[in-house]
Structures are given as structure tokens and as C-alpha cells.
Amino acid sequence: MKIELIQLDKDNYTEALPIRNENVKYFFDSHPIGVLEHEIWFETRYHPQKNINQSYFFYLIKTDDGTVGTIAVDTNSYWHIMKNVCVLRKYRGKGIMTKAIDMLMKKHPSKDWGE
Ligand SMILES: CC(C)(COP(=O)(O)OP(=O)(O)OC[C@H]1O[C@@H](n2cnc3c(N)ncnc32)[C@H](O)[C@@H]1OP(=O)(O)O)[C@@H](O)C(=O)NCCC(=O)NCCS
């Protein structure tokens, strides 16, 4: 199965919302996110074009079936921390996250990792 990591941007950020909401119980802040709240988060906290010193990289996991998961990395001078590690229920157990983590670590190499 073809798997790609596509960085979140203004044209695709809404695709992360259903994945977050299906997996909401796995987040510390476990309330379902509305469309407006998601837009505000993107515009004020994430937007790659506005955030010049970006240290948080958020990716959609895409397969031939479209967006099936998310994965993000929060970086600082000492380590990388993986976040938003989610695959839609229907697509679990097919090796998608194993491949996505491998791809993420290649994109952001040579640091210690945590989750
Ligand atoms: C955890 C999750 C991301 C795994 O994604 P996936 O694409 O199904 O994972 P893979 O198919 O690549 O499986 C990777 C390995 O993890 C194991 N695994 C998957 N889910 C697991 C779980 N809930 N508990 C224990 N092991 C699990 C698999 O058996 C596999 O092991 P193997 O290689 O020895 O066979 C997915 O189940 C998910 O989105 N869960 C809900 C959110 C979550 O728990 N996120 C992680 C922490 S916040």
C-alpha cells in the first residue's frame, strides 16, 4: 500500500479533524473539536506560513484511500516528541503507523525520540 506523509497546510488542515475526533479519548484534552475551534487552532497555533520558527510539524497520513491518519513531531534542541499518533479504526493493523513512524523519523533525523 502506498503511504505518504503530507504536511498540514491551509488547503488540507480540515482533513485532520475527523481523525482527531474519532480518537478523542486518547488525548489529554478529550473533548470533541468543532470546525471553528479547529480553524482557530490552525490559524493561531499551527499555520506553517505564519509560523517562521516552526518547531511543530503535523502530517496527514495518506494512502490510495485518502487521509487515514495523523502523526506530528514537536521538536526542541534536545529531543523530538511524537504526537497525534492516530489511524482511523478501519485502517488499523495493516502496518500503516509502522511505516508512517519510519518516514517521520527519516524526515526529522538525528535526535532522541520520546512519545
Ligand atoms: C496505535 C495505532 C496508531 C497503531 O496504528 P496501526 O497502523 O494500526 O499500527 P500497525 O498496523 O503499524 O501496528 C504496529 C504494531 O503495533 C501493534 N499495535 C497496534 N495497536 C496496538 C494497541 N492498541 N496495543 C498494543 N499493540 C498495538 C500491532 O500489533 C503491531 O505490532 P507487530 O508489528 O508486532 O505486529 C492505532 O491503533 C490507533 O490509532 N489507535 C488509537 C490511538 C492511539 O492509541 N494512539 C497512540 C498513542 S496516543
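In this Cβ point-charge picture (+1 for Lys and Arg, -1 for Asp and Glu), the stretch 4-107 has a dipole of about 380 debye about its Cα centre.
Amide H contacts of Leu8 (H built 1.01 Å from N, in plane; Pro and chain starts excluded): Phe58, Tyr59, Leu60 sit under 5 Å, all sequence-distant by 5 or more or on other chains. If R0 is 25 Å, the Cβ-Cβ spacing of Met103 and Lys10 corresponds to a FRET efficiency of close to 0.65.
Cross-link pairs exceeding 20 Å between alpha carbons, from the set Lys2/Lys62; Lys62/Lys90; Lys10/Lys90: Lys10/Lys90.
Here the spin labels are modelled as points 7 Å beyond Cα on the Cα-Cβ line, and at Asp74 and Ile40 they lie 2.0 nm apart.
Using only the C-alpha atoms, the convex hull of the stretch 4-107 corresponds to 111 Å³ per residue. Taking amide H as placed 1.01 Å from N in the peptide plane, the amide H of Lys83 sits under 5 Å from that of Ala72, Val73, Asp74, each at least 5 places away or on another chain. In the stretch 4-107, a dipole from Cβ-located charges (positive for Lys and Arg, negative for Asp and Glu) runs towards its positive end, and of Ile101, Leu5, Leu88 it is Ile101 whose Cα lies farthest in that direction. In the chain, helices alone account for a calculated mean residue ellipticity at 222 nm of -6500 deg cm²/dmol, with every DSSP H run of four or more residues adding -39,500 (n - 2.57).
Each residue of the stretch 31-42 is assigned a 3J(HN,Hα), and the resulting list reads 8, x, 8, x, 4, 5, 4, 5, 5, 5, 4, 5 Hz, derived from the Karplus form 6.51 cos²θ - 1.76 cosθ + 1.60 (θ = phi - 60°), x at Gly and Pro. Label positions at Trp113 and Asp29, each projected 7 Å from the Cα along the C-beta direction, are separated by 2.6 nm.
Please find, in a Gaussian network model of the chain (springs between Cα atoms separated by less than 10 Å), the residue of Tyr46, Tyr78, Tyr26 whose mean-square fluctuation is greatest. Looking only at Tyr46, Tyr78, Tyr26, the largest GNM fluctuation is found for Tyr78. Our summary of shape: the Cα atoms of the stretch 67-115 have principal axis extents of 36, 16, 16 Å, ordered from largest down, in whole angstrom.
All of the numbers you see were taken from the coordinates with simple rules; none came from a lab. From a predicted model like this one, the values you see are computed outputs, not experimental measurements. In this analysis, Cβ positions are derived from the backbone assuming ideal geometry, glycine residues included, and neighbour counts consider all displayed protein chains.
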